[in-house]
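Scroll down for the structure; my scribbles are underneath it.
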Amino acid sequence: MRTTLNIQDQAFEQAQAFAAARAMKLGDAVSELIALGAQSLRPAANDPPNRPEMFRRENGILVFNVDPNAPKVSAEFVRKLIEQSEDEDDGLL
């Protein structure tokens, strides 16, 4: 199948390196990398059968499955973490 993709420069460079290292065409390398990535999202054969899936799809979007007992992460909590991170970064400069 022929298509056009917009990908990040770093992803393109990695795909090119992958293809060159294996003497593959770029399209074949990208196909293989996508297949490998999709395979990594599936549970491994040795995972316990009751292990929940890490992701699910909702309306075509990949969403993390979160334990219902996990603490809620509020916008205020995220804001404080960002501020803390920025304060730490300021100390490095």
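The values are calculated or read from the model by the stated rules, or taken from the named source; none is laboratory data. Everything numeric in this text was worked out from a predicted model, so none of it was measured. Every residue, glycine as well, gets a Cβ built from its backbone with ideal geometry; the counts of neighbours run over all protein chains shown.
Does S40 satisfy the condition of being among the polar types (S, T, N, Q), exposed (fewer than 10 other Cβ atoms within 10 Å of the Cβ) and either outside any loop (DSSP other than H, G, I, E, B) or modelled with pLDDT of 85 or more (or both)? Quick ask: steps written out before the conclusion?
Values: among the polar types (S, T, N, Q): yes; exposed (fewer than 10 other Cβ atoms within 10 Å of the Cβ): yes; either outside any loop (DSSP other than H, G, I, E, B) or modelled with pLDDT of 85 or more (or both): yes.
Yes; evaluated as a whole, the condition is true for this residue.
Scan region 20-28 and tell me whether some residue there is modelled with pLDDT under 90, loosely packed, with under 11 Cβ neighbours inside 10 Å and outside any loop (DSSP other than H, G, I, E, B). Give the derivation first.
Going through region 20-28, the residues modelled with pLDDT under 90 turn out to be none.
No: region 20-28 contains no residue that is modelled with pLDDT under 90, loosely packed, with under 11 Cβ neighbours inside 10 Å and outside any loop (DSSP other than H, G, I, E, B).
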